[in-house]
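Worksheet: the structure to be examined is printed underneath.
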Amino acid sequence: MIVIDNFLDPGTFYLLQDPILWKKPLASDFVEKDKEPHNDLIFNVIKESWERVSTLDNRIRNAYLDRAGIEMWTHIISPEGNKGLDWHIDKDETLYEKKGIIETPVYGSIFYCHQDISLVDDMGMLEIGIPPASERIKPLPNRLIVFKSGTPHRVTNGIETSPRKSIVSNIWNHSIDL
């Protein structure tokens, strides 16, 4: 797992605060490597995250360079709505629903876009791994986390006041249908 704090420069991080971006969460989308957009703010943040992390780990670099595409979506956890995520692994949901086969992405990332967050105790934490050996990571603003998304993970329940906003992506070594 790799964690990078203060990932984005202040100007780009500020652009992500635009309420229009967060009016409705971005649904899951798969972007093939040869069809990647160049003028999409959220996709550019995702691409920058993979390119930067690729300089830190050769396995991630190889997975990124050999990717078929990137799955991406945004997520909001707030007091009024979704308050957490139960234990799960990221997988090809369509393949699982149609054939019962579990295929997971090579790596996953989560980038926290909120400016501030009000946490009480362990609310809204990302937990990765099988308890009791799981790791807990605080959803600090401007923090990037990269991990093997086939590893069980969850988001603990509860956000007291401010929403927890994130951009999530997975690197796939084959195309997936959504």
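Residue count for the stretch 68-87, restricted to those that are modelled with pLDDT of 80 or more, charged (D, E, K, R) and over 26 Å from I130 (Cβ atoms): 0.
The criterion of at least 1 residues that are without any contact (Cβ under 8 Å) to a residue 60 or more places away in the chain is met by the following strands (runs of 3 or more DSSP E) wholly inside the stretch 1-116: 29-32, 107-112. A27 fulfils the conditions (1) surrounded by fewer than 18 Cβ atoms within 10 Å (Cβ to Cβ); (2) on the phi < 0 side of the Ramachandran plot; (3) modelled with pLDDT of 95 or more except for a single criterion, (3). Considering (1) modelled with pLDDT of 90 or more; (2) in contact with a strand residue (DSSP E or B) (Cβ under 6 Å, 6 or more places away or on another chain), the lone condition that R164 does not fulfil carries the number (1).
Could you tell me which residue of the stretch 105-144 is nearest to N157 (Cα to Cα), considering only residues that are modelled with pLDDT under 90 and acidic (D, E)? The qualifying residue nearest to N157 (Cα to Cα) is D122. Against the criterion of being at pLDDT 95 or above, surrounded by 15 or more Cβ atoms within 10 Å (Cβ to Cβ) and not aliphatic (A, V, I, L, M), G158 does not qualify.
The values are calculated or read from the model by the stated rules, or taken from the named source; none is laboratory data. No experiment lies behind these values; they were computed from the predicted model shown. All Cβ positions, glycine included, derive from the backbone under ideal geometry; neighbour counts span all protein chains shown.
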